[in-house]
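One structure is given below, encoded as structure tokens.
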């Protein structure tokens, strides 16, 4: 497969950046479209990134804004995507809504140099890497994460970091040469850690 057949995607977290800092990151990497994958595109602590203001600011910078938090967000209103009050990334990835969102995202990626945006500065702490990028691995997609300081981390590099962070050790079931078993277990462990829990489930967990 040649480079022309490989799709490209960037990811970025607005974190606690100022508007100028985020805009600078996007310009630095020539991003032409931002796909907002926040389920709730509003921030109490960083109101400059509320949906309407973000869309207006990006428009003024000649960057397209697309909201897909309803189909690619980390929270789901579908009971079939939850287990005991906790969102299941695995079930979300199997839902028709998510699949439709992935196809819409890939169409946008083919049209313009695209970055998906969420709030967390570290992609490994965010569903943009643990859910969306994990699912995109099955396609010919080159993923680059824009880090807080503007450096790029490739998705394979991020996966290696995830395995180290989660301290995943080889087992008898990880004989595959590419280490896919280790990566899969690391994804599953991180998904369990960061997946959204309902308020009632969170309160119960604190009581245990």
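No value in this document is a laboratory result; all are computed from the given coordinates. Bear in mind the structure is a predicted one, so any value in this text is a computation, not a measurement. Note: ideal-geometry Cβ built from the backbone for every residue, glycine included; neighbour counts use all protein chains shown.
Some observations on this one:
- Computed over region 1-125, the alpha-carbon pair-distance distribution with 5 angstrom bins reads 2, 10, 20, 22, 19, 14, 9, 4, 1, each value a whole percent.
- Sorting 65, 45 from the fewest to the most surrounding beta carbons within 10 angstrom yields 45, 65.
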